[in-house]
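The values are calculated or read from the model by the stated rules, or taken from the named source; none is laboratory data. A quick note: this is a predicted structure, and the numbers were derived from the prediction, not measured. With ideal geometry, Cβ positions are generated from the backbone for all residues, glycine too; neighbour counts draw on all protein chains shown.
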Amino acid sequence: MRMEGTGIEGVTLDLSRLTEIMEDHGLVLAGQWDYERVTYDRKIETKGEIYYLRIQGYAVEGDVGGRHAVIKLITPLLGKYYYPHGVEYGEGENFPESVVSTSKTVLKQVSEALQKVQ
């Protein structure tokens with residue numbers, strides 16, 4: 001599920017500062033990066049189901065691997081995890097209102113934090 005209109009899309013920020021803000025809001029980078037892209041995830045568990053709020057971006061300057069990059073963020077996603085296949089984001093997925101609400105709250109907080117450093 002694409003989380004449109006969050007104020008996050010198109011924001012550009014230094015990788016180090018971006019990672020700090022994301023971690024402050026429970027989104028982790030972990031090993032989800034390559035030299036041009038980053039993915040921050042927040043795991044949401046409810047009623048035995050696992051969901052991921054995912055914020056992705058790509059380097060417009062520098063190299064993610066060297067930790068010296070400027071990242072441009074794209075539209076966040078909400079997905080449901082299926083073992084062993086992975087995360088599905090399709091429009092046919094049914095997301096509980098509590099998960100959607102939590103995701104919107106986190107995205108609003110991240111957006112506000114990003115605006116403060118712009």
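Every residue in the range 27-52 that is buried (at least 16 other Cβ atoms within 10 Å of the Cβ) and either of a type in the set (Asp, Glu) or assigned to a loop (DSSP other than H, G, I, E, B) (or both), please.
Here is the first cut: in the range 27-52, the ones buried (at least 16 other Cβ atoms within 10 Å of the Cβ) are 27, 29, 33, 38-42, 44, 51-52.
Correct list: Leu27, Leu29, Asp41.
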Scanning the range 18-34 for residues that are in contact (Cβ under 8 Å) with a residue 60 or more places away in the chain and among the hydroxyl-bearing types (Ser, Thr, Tyr) gives none
Looking only at the range 98-118, filter to residues that are more than 18 Å from Lys43 (Cβ to Cβ) and assigned to a helix (DSSP H, G or I); which one of those is modelled with the lowest pLDDT? Val117
Name the single residue, out of those in the range 53-67 being charged (D, E, K, R) and in contact (Cβ under 8 Å) with a residue 24 or more places away in the chain, that is surrounded by the most Cβ atoms within 10 Å (Cβ to Cβ). Arg54
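Can you tell me which of Glu4, Glu9, Glu23 is surrounded by fewer than 19 Cβ atoms within 10 Å (Cβ to Cβ), out of contact with any strand residue (DSSP E or B) (no Cβ under 6 Å at 6 or more places or on another chain) and not in a loop (DSSP other than H, G, I, E, B)? So that I can check it myself, show each step before the final result.
Values: Glu4 fails: not in a loop (DSSP other than H, G, I, E, B); Glu9 fails: not in a loop (DSSP other than H, G, I, E, B).
Step by step, each of Glu4, Glu9, Glu23 is checked, and only Glu23 is surrounded by fewer than 19 Cβ atoms within 10 Å (Cβ to Cβ), out of contact with any strand residue (DSSP E or B) (no Cβ under 6 Å at 6 or more places or on another chain) and not in a loop (DSSP other than H, G, I, E, B).
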Does the range 68-88 hold any residues that are assigned to a strand (DSSP E or B) and in contact (Cβ under 8 Å) with a residue 40 or more places away in the chain, and which are they? His68, Ala69, Val70, Ile71, Lys72, Leu73, Leu77, Leu78, Gly79
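So if I check each of Val110, Val99, which one is closer than 21 Å to Gly7 by Cα, surrounded by 12 or more Cβ atoms within 10 Å (Cβ to Cβ) and out of contact with any helix residue (DSSP H, G or I) (no Cβ under 9 Å at 6 or more places or on another chain)? Steps first, please.
Details: Val110 fails: out of contact with any helix residue (DSSP H, G or I) (no Cβ under 9 Å at 6 or more places or on another chain).
From the options Val110, Val99, the qualifying one is Val99.
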